[in-house]
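Enquirer: The structure is given below, and queries will be raised subsequently.
The values are calculated or read from the model by the stated rules, or taken from the named source; none is laboratory data. Just so we're clear, the structure is a prediction, and the values are computed from it rather than from any experiment. Cβ placement follows ideal geometry from the backbone for every residue including glycine, while neighbour counts extend to all protein chains displayed. These area figures cover heavy atoms from the full protein model, side chains too; ligands, DNA and RNA do not enter into them. Shrake-Rupley method; radii C 1.70, N 1.55, O 1.52, S 1.80 Å.
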Amino acid sequence: MKEKQRKTVDVRIAKEKKKFLEILEKTPVVQLACERSGVSKATFYRWKEADKEFTQKVEVALSEGNSLVSDIAIAQLISAIKDKNLGAIKFWLTNHHKDYTNELHITAEVEQELVLSPEQEALVRRALELVSLPKYGI
């Protein structure tokens, strides 16, 4: 491919990537962003594999898109609460007020001291050693 053609293709791809990312920021679903931008999923994953900067931009777009959708969902939930929707009210209280959570707290006292056999103690010590090993320095 000639240099002029390569530059033309690179410019077109850059525009396609930009359009894809803009759509992904508004709708954080890769499949939908592919459909709406006209980019195949195979092309998307090829770009992602070959272009680390694009991969980072995808992660940012997904994060921003998820934040946008969450904001919209919260606004809708608040609107439903204002409309006296009992399900919305219950959902909000269950997830945002400690007195309405569905948590069960149990407290107990152990009356018997735990005694390990020498074999069990050795196993526990070995497990603790393994947990404390550096991630790649085994």
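Enquirer: Return the sequence-ordered ³J(HN,Hα) values of the stretch 65-76 in whole Hz as given by the Karplus equation 6.51 cos²θ - 1.76 cosθ + 1.60 applied to θ = phi - 60°, using x for Gly and Pro.
Expert: x, 4, 5, 4, 4, 4, 4, 4, 4, 5, 4, 5
Enquirer: Enter the accessible area per residue of the chain (Å², integer; probe 1.4 Å; all protein chains in place).
Expert: So the chain comes to 85 Å² accessible per residue, rounded to a whole number.
Enquirer: Karplus couplings for the stretch 101-115 from phi (6.51 cos²θ - 1.76 cosθ + 1.60, θ = phi - 60°), rounded to Hz, Gly and Pro as x?
Expert: 6, 9, 9, 10, 9, 10, 10, 8, 10, 8, 8, 10, 6, 7, 10
Enquirer: Go ahead and estimate [θ] at 222 nm for the chain from helices alone: -39,500 (n - 2.57) per DSSP H run with n ≥ 4, summed, over the residue count, rounded to 500.
Expert: -23500 deg cm²/dmol
Enquirer: Ignoring any ligand, DNA or RNA, what whole percent of the accessible area of the stretch 59-138 comes from carbon and sulfur when the probe is 1.4 angstrom?
Expert: Exposed carbon and sulfur together represent 58 percent of the surface.
Enquirer: Looking at the chain from every direction and averaging, what is the projected area of its Cα convex hull in nm²?
Expert: 17.8
Enquirer: Relative contact order for the chain: what is it in percent, counting Cα pairs under 8 Å that are at least 6 residues apart?
Expert: 16
Enquirer: Comparing LEU86, LEU128, LEU68, which has the greatest mean-square fluctuation in the GNM of the chain with Cα pairs linked when under 10 Å apart?
Expert: Checking each option, the largest mean-square fluctuation is seen for LEU128.
Enquirer: Can you compute the modelled spin-label distance between ASP71 and GLU35, with each label point 7 Å from Cα toward Cβ, in nm?
Expert: Between ASP71 and GLU35, the label points sit 2.5 nm apart.
Enquirer: In degrees between 0 and 90, to the nearest 10, how far off the longest principal axis of the chain does helix 3-26 point, with axes built from Cα atoms?
Expert: Approximately 40 degrees, to the nearest ten.
Enquirer: For the stretch 85-133, report the translational diffusion coefficient in µm²/s to the nearest whole number, using Stokes-Einstein at 10 °C, 1.306 mPa s, and a Kirkwood Rh over Cα pairs.
Expert: Rounded to a whole number, D works out at 103 µm²/s.
Enquirer: Next question, about the same structure. Which angle from 0 to 90°, rounded to the nearest 10, does the C-alpha axis of helix 41-50 make with the longest principal axis of the chain?
Expert: 80
Enquirer: Using the scaling law 2.2 N^0.38 Å as the reference, what is the normalised Cα Rg of the stretch 1-71?
Expert: The value comes to 1.17.
Enquirer: Show me the three semi-axes of the equivalent ellipsoid for the stretch 59-102, from the C-alpha gyration tensor (sqrt of 5 times each eigenvalue), largest first, rounded to whole Å.
Expert: 25, 14, 5
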